[in-house]
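Right, one structure below, let's go through it.
The numbers here are math on the coordinates, done by the rules we state, and not lab data. These numbers were taken from a predicted model, which means no experiment stands behind them. With ideal geometry, Cβ positions are generated from the backbone for all residues, glycine too; neighbour counts draw on all protein chains shown.
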């Protein structure tokens, strides 16, 4: 798999709220998502293993930044799939403790576990 461009935490922070802000997509695996009651504010939640089902619904021309727990295989895999479809994309980099990928970011509460759809 070719390497997909990564965006650093400081760079992503500098873009959030600006006209060039990327669309942030939470692609954590379901167990990791279920274990954390928050996600990055304004991020969309999409299943990492169903990119083909939701990729076409993304805003054309807007850069997408995928994030997962560690910023490695899961988000990189999603970013690679999106890039193959011509979507401008990156994945978030930066060390975050496992189960706290949202640490230091404005967050919003996730939906109650029972109402989550994969």
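Would you mind calculating the gained length between residue 50 and residue 73 on full extension (0.36 nm times residue separation, minus the Cα-Cα distance), in nm to one decimal?
Values: separation 23, 0.36 × 23 = 8.28 nm, distance 1.49 nm.
Full extension of this stretch gives 6.8 nm more.
Hey, rough spin-label estimate for residue 109 and residue 20, points 7 angstrom out along Cα→Cβ, what's it come to in nanometres?
Placing both labels 7 Å beyond Cα along the Cβ direction yields 3.6 nm.
Please sort 6-12, 31-37 by packing, taking for each peptide the average over its residues of neighbouring beta carbons within 10 angstrom, highest first. Don't skip to the end; give the middle numbers.
On the way: 6-12: 16.1, 31-37: 14.6.
Ranked by mean Cβ neighbours within 10 Å, highest first: 6-12, 31-37.
Using a basic spin-label model with each label point 7 Å from the Cα along Cα→Cβ, how many nm lie between residue 13 and residue 83?
With each label point 7 Å from Cα toward Cβ, the separation is 2.5 nm.
Would any residue of the range 15-50 have its amide N under 20 Å from a label point 7 Å out along Cα→Cβ of residue 62? List them or say none.
Those under the cut-off are 15-28, 39-48, 50.
Given the peptides 17-29, 48-60, 75-87, arrange them by the average over their residues of other C-beta atoms within 10 Å, most packed first.
On the way: 17-29: 16.8, 48-60: 13.2, 75-87: 19.3.
Most protected by this proxy first, the peptides run 75-87, 17-29, 48-60.
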